[in-house]
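To keep things clear, I will list the structure first and then write my remarks on it.
The values are calculated or read from the model by the stated rules, or taken from the named source; none is laboratory data. Note that this is a predicted model, so its numbers are computed, not measured. Ligands, DNA and RNA are stripped out before the accessible areas are found, and what is left, the full protein with its side chains, is counted by its heavy atoms. Shrake-Rupley method; radii C 1.70, N 1.55, O 1.52, S 1.80 Å.
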Amino acid sequence: YPNSVTEEIEVMSHYADIAVDGDSGAFVVNEHGHLVGLLIAVAKESTSFNTAYITPFDAIQAHIKEMTNGGFLSFD
């Protein structure tokens, strides 16, 4: 969408693969098993950090609500 702003979280590690190619679109859960986001991209370079970009689930819910005039996403 023109002039839209998105919200992503950048997660970086020098030592471990946070995610691998092909993981885009995967759900991200916290240590309690709660859905917290959606993995949207992975960047790995041998000379830099391993990086993953995550869209927070709250931002996804807000966008769904806006686009559907009050709707929401449920996994129940």
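Quick look at the numbers
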item: Crossing angle, helix 57-67 versus the chain [Cα axis fit, 0-90 degrees, rounded to tens]; result: 40 degrees
item: Gained length - Phe49 relative to Phe75, 0.36 nm times residue gap less alpha-carbon distance; result: 6.0 nm
item: Tyr15, Tyr53, reordered so the largest accessible area comes first (probe 1.4 Å); result: Tyr15, Tyr53
item: Global size of segment 21-76 as Cα Rg and Dmax, reported in angstrom; result: 13.9, 46
item: Accessible solvent surface per residue of segment 31-74, calculated while the other protein chains remain in place, 1.4 angstrom probe, Å²; result: 67 Å²
item: The chain, relative contact order [Cα under 8 Å, separation at least 6], %; result: 29 percent
item: Nearest-10 value in Å² for the accessible area of His32, using the 1.4 Å probe; result: 130 Å²
item: Share of carbon and sulfur in the accessible heavy-atom surface of the chain [1.4 Å probe, %]; result: 54 percent
